[in-house]
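Asker: Starting off with a structure, shown below.
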Amino acid sequence: MEPETARFRVYRGTLAACSPVFKDMLSFPQPADAELVEGCSVVHLPDAPDEFTVFLKAIFLPDYFMPFPAKTEYAIIRGCLRLSHKYGVEHLHLRALVHFSSLFHTSLAQSDKAEYPYSESTGPLTQAKFSISLMDVIRGNAFNGETFHLSTQDQESFLRGLIQQIQFQPQASWDAFQTPSKSQIVQPLLVQFAAIDILGCFTDPVEIPNCSSAVRCLKGRLSAVNTVHQAASDYPSLPLFVWGEDDWEEFRENFCPTCLASLQATNRAKRQEFWDDLPKMYGLPPWEELEKMKVAAIGKFWFPSEV
């Protein structure tokens, strides 16, 4: 097997037993002048070597990719998920789906309780991008990498018009940009606008009725704004991670009970509103439909954060 520049010498019987695609591929009669390496026929594949490596290890090494909740690595899940779907290795595909689903949730409460390992290769942004490509695979859409080509001047005009449209016709903005290529430009902007809206809970309303300590609460709100402003600058595309339930503990003493309750309620409502709109930003169906798709794919599998 030669995926791009790599080469693997493997037992064809095992591959044929696991994969109907490999079974058919390896059953083709070889021409007399077929390429041979050390007496073995060669099959060239267009797959990435790193993904094909973990895929083969999962097939040939029983302890390499164990079922959830055994610990594994994101690169292993990614490689196994892509190639098990491509080559029809059903047991490995289901195993990878369950592992992958353990990282993502269909309700804000579940997401808040989950712990996300973060690094350059496994952070939420990388995982979100892979989720979109995975959805294209599941829906059978052959996304061909088409990009939204615009000149610099056209980009500026497009973005100015889009910002105005989002401000004055938000629903039309959602509906007008649902193709994968256009959403690559639109989605980051929508997420950043949502981040600004979520953090607006500290400034709107300016006065909270029945506040018992106006000066103290105003100072508390200004302090919180400074904190979230820095966090929003560092993570502009992760509004749900900028300020969540755990952050209130640090600032609890800075507010009177009335203001604290009001600010918390507004923040929770804005975060929930963003969460409810999140699938549409990526051109996906609502959470309820995604949950049904998840159950149809892996069954009613319970993860620790859902208990």
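Asker: Within the range 18-78, report the trypsin sites (Lys or Arg not before Pro) that DSSP leaves as loop and that have at most 16 other Cβ atoms within 10 Å.
Answerer: Counting only loop positions with at most 16 other Cβ atoms within 10 Å, the trypsin sites (Lys or Arg not before Pro) in the range 18-78 are LYS71.
Asker: Right, here's the next one. Measure up LYS113/LYS292; LYS57/LYS294; LYS86/LYS270; LYS57/LYS280; LYS86/LYS280 against 29 Å on the Cα-Cα distance and list the ones that go over.
Answerer: Over 29 Å apart, Cα to Cα: LYS86/LYS270; LYS57/LYS280.
Asker: Of the trypsin sites (Lys or Arg not before Pro) in the range 232-300, which ones lie in a loop per DSSP and count no more than 12 other C-beta atoms within 10 Å?
Answerer: Taking the range 232-300 and a limit of 12 other Cβ atoms within 10 Å, the loop trypsin sites (Lys or Arg not before Pro) found are LYS300.
Asker: Something else now. So if we plug the beta-carbon distance of MET25 and LYS71 into 1/(1 + (r/R0)^6) with R0 = 35 Å, what FRET efficiency do we get, rounded to 0.05?
Answerer: Efficiency computed from Cβ-Cβ geometry: 0.60.
Asker: Filter the GluC sites (Glu not before Pro) in the range 7-87 down to the DSSP loop ones having no more than 12 other Cβ atoms within 10 Å, then list what survives.
Answerer: Here the sparse-neighbourhood loop sites are GLU35, GLU38.
Asker: If you stretched the chain out fully between LYS280 and LYS113, how much longer would it get, using 0.36 nm times the residue separation minus the C-alpha to C-alpha distance?
Answerer: Result: 57.8 nm gained on full extension.
Asker: So how much slack lies between ALA16 and ASP246, counting 0.36 nm per residue of separation and subtracting their Cα-Cα distance, in nm?
Answerer: 77.7 nm
Asker: Would you tally the net charge around GLY220, using a Cβ to Cβ cut-off of less than 15 Å, leaving GLY220 out, and scoring K and R as +1, D and E as -1?
Answerer: Value of the local net charge: -1.
Bear in mind these aren't lab numbers, they're just calculated from the coordinates by the rules spelled out. As the structure is a computational prediction, the values presented were derived from the model and not from experiment. All Cβ positions, glycine included, derive from the backbone under ideal geometry; neighbour counts span all protein chains shown.
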